[in-house]
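Okay, structure first, notes after.
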Amino acid sequence: MTKISRRDLLFASGTAAGAALLPFSASATPSAKAQKFEFSLNMSTIMGQKLGLIKELEVASAAGYQHCEIWIPTLEAYLKSGGTLLEAKKRIDDLGIKIQNAIGFAQWIVDDEATRRQGLEQMKREMDMLAQLGCFRTAAPPMGATKEAGLDLRRAAERYRAILDIGVSTGVTPQLEMWGHSKNLNRVADVLFVAAEAGQPNAKLLLDVFHLYKGESSIDCLHLVGENSIEVFHVNDYVTTIKPTSITDGDRIYAGDGEAPIKEIIKRLKPTEKPVILSLELFNKELWAQDPLKVAKTGLEKMKKMV
């Protein structure tokens, strides 16, 4: 039997420990660089064609999207016309598409107590519906607090915490949405403060290429947004000949057709545990006049080129 010295043992253990501290080898690179982004269609992009909930889902699936974002008013119109959540869920499953987020407009953030109470009730009702559809996120924009400046951000944080608590009970996370056109929560600094001050681990941000420009937030502040703080990100483009003070939702164009620094923005999103969902959100009347399937397919192709 070969005799092993104490020196040999120390050398071997030191080598092993050192190896454990080394970065991944080249052979590990493919898994380390696994796809970090997936693509979604926000139904605003084909909303003008007035297809209704089910046909919108069918278009998104046929265009090749894995994911989509629905609008609460469209869902409610479907239910009022006789549709059911059970039927919608079955169609969603048959199509193989995942609803990653919903766009709603409950006034959860406003100062008026009675209106805010109604907003909380609305959020809970909407979250319950979304959970039944397998959608576990909803937008939480500053609806009702957009026209007059001066919202107390500490109060806003308390109110965001209240809907985060509802989210825990329903399983649907409200994502704090920044609106560049609002007088409140129109900059990244605002939503960062409110989300942090809410003091809840499930707080998330919902940001948008267009709203970064509209609210005049520097993209260089995005490195301050924590890892996994953004799960869905709205993608669109614009031309800088239209200034932030003048640009409107209708001026949004396909990703890559304008001058927005989309690639630089995406680099700063830092997905780690799971992919960030890049969702195409347009309100362009010219596209609303076109074939919705063509619009959806073109939007997906252009987004993929940006990543």
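Here are the numbers:
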| quantity | calculated |
| --- | --- |
| Ascending count of other beta-carbon atoms within 10 Å, so fewest first, for Ile277, Ile253 | Ile253, Ile277 |
| Under 15 Å, Cβ to Cβ, from Ala102 - net charge with Lys/Arg +1 and Asp/Glu -1 | -2 |
| Local net charge near Leu222, Cβ-Cβ under 10 Å (Lys/Arg +1, Asp/Glu -1) | +1 |
| Estimated distance in nm for a label pair at Leu95 and Asp165, the labels positioned 7 Å out from Cα along Cα-to-Cβ | 3.6 nm |
| Tail fraction, Cα-Cα pairs, region 44-191, threshold 24 Å, whole percent | 35 percent |
| Within-12-Å neighbourhood charge of Thr115 [Cβ basis; K, R +1; D, E -1] | -1 |
| Loop GluC sites (Glu not before Pro), region 141-193, which have at most 16 other Cβ atoms in a 10 Å radius of their Cβ (DSSP) | Glu148 |
| Point-charge dipole on Cβ atoms (K/R +1, D/E -1) for region 37-306, about Cα centre, debye to 20 | 240 debye |
| Dipole of region 37-306, positive direction: furthest Cα of Ile219, Val295, Leu192, with charges on the beta-carbon | Val295 |
| For region 37-306, alpha-carbon Rg over 2.2 N^0.38 Å | 0.95 |
| Exposure proxy order (Cβ contacts within 10 Å, fewest to most) of Ile99, Ile230, Ile219 | Ile219, Ile230, Ile99 |
| Order of Thr138, Thr115, Thr298, Thr241 under a 10 Å beta carbon neighbour criterion, fewest first | Thr241, Thr115, Thr298, Thr138 |
| Karplus-derived 3J(HN,Hα), 6.51/-1.76/1.60, for each residue of region 56-66, Hz, glycine and proline x | 4, 4, 5, 5, 4, 5, 5, 6, x, 7, 7 |
| Theoretical ellipticity at 222 nm over the chain - DSSP helices of four or more residues, -39500 (n - 2.57) apiece, nearest 500 | -13000 deg cm²/dmol |
| GluC sites (Glu not before Pro) within region 199-307: DSSP coil, no more than 14 neighbouring Cβ in 10 Å | Glu216, Glu227, Glu259, Glu273 |
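Read the figures in this text as sums done on the coordinates, not as results from a lab. Given the structure is predicted, the values throughout are model-derived calculations rather than measurements. No Cβ is skipped: glycine too gets one built from the backbone with ideal geometry, and neighbour counts run over all protein chains shown.
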